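Have a look at the structure that comes next, please.
The values are calculated or read from the model by the stated rules, or taken from the named source; none is laboratory data. What you see is a predicted model; the values in this text were computed from it and never measured. Cβ: placed from backbone, ideal geometry, glycine included. Neighbour counts: every protein chain shown.
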Amino acid sequence: MKPIFLTLAVILFSFPFFAGQRMVARIDFPSPVTLDRFVNEGADIAAYKPCVWLDLVLSQSQFDLLRASGPNGHFITHKLARIR
């Protein structure tokens with residue numbers, strides 16, 4: 001039992017090493033329509049303050065798509081660090 005648990009724990013804790021780099025992107029002054037769009041798309045919303053800011057957790061490719069086709073505005077990004 002113990003070796004199985006240990007193996008599963010190692011696999012689960014090493015998953016972030018295999019995942020792509022993630023970041024938090026902030027959209028300033030999001031409209032309710034912008035929020036609805038991300039909610040309907042199933043986006044990973046980190047934080048939201050109505051009509052002030054919307055924080056999304058994104059991969060680099062998702063961020064590039066957002067900048068190309070997303071809402072106009074100012075983007076602030078921070079790369080997420082691994083938590084041990």
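May I ask you to list the residues in region 46-71 that are loosely packed, with under 14 Cβ neighbours inside 10 Å and hydroxyl-bearing (Ser, Thr, Tyr)?
Those that are loosely packed, with under 14 Cβ neighbours inside 10 Å and hydroxyl-bearing (Ser, Thr, Tyr): 61, 69.
Output the number of the condition that residue 20 fails; it satisfies all remaining conditions of (1) part of a loop (DSSP other than H, G, I, E, B); (2) modelled with pLDDT of 80 or more.
The one condition residue 20 does not meet is (2).
Among the residues of region 23-39, what is the count of those that are acidic (Asp, Glu) and in a strand (DSSP E or B)?
Qualifying residue count for the region: 1.
Consider region 40-60. How many of its residues are within 22 Å of residue 21 (Cα to Cα), in a helix (DSSP H, G or I) and free of Cβ contacts under 8 Å to residues at least 40 places away in the same chain?
The qualifying residues number 0.
Take residue 79 and decide whether it is surrounded by fewer than 10 Cβ atoms within 10 Å (Cβ to Cβ), among the charged types (D, E, K, R), at pLDDT below 85 and touching a strand residue (DSSP E or B) at 6+ places or on another chain (Cβ under 6 Å).
On the way: surrounded by fewer than 10 Cβ atoms within 10 Å (Cβ to Cβ): yes; among the charged types (D, E, K, R): yes; at pLDDT below 85: yes; touching a strand residue (DSSP E or B) at 6+ places or on another chain (Cβ under 6 Å): yes.
When the stated conditions are applied, residue 79 passes them.
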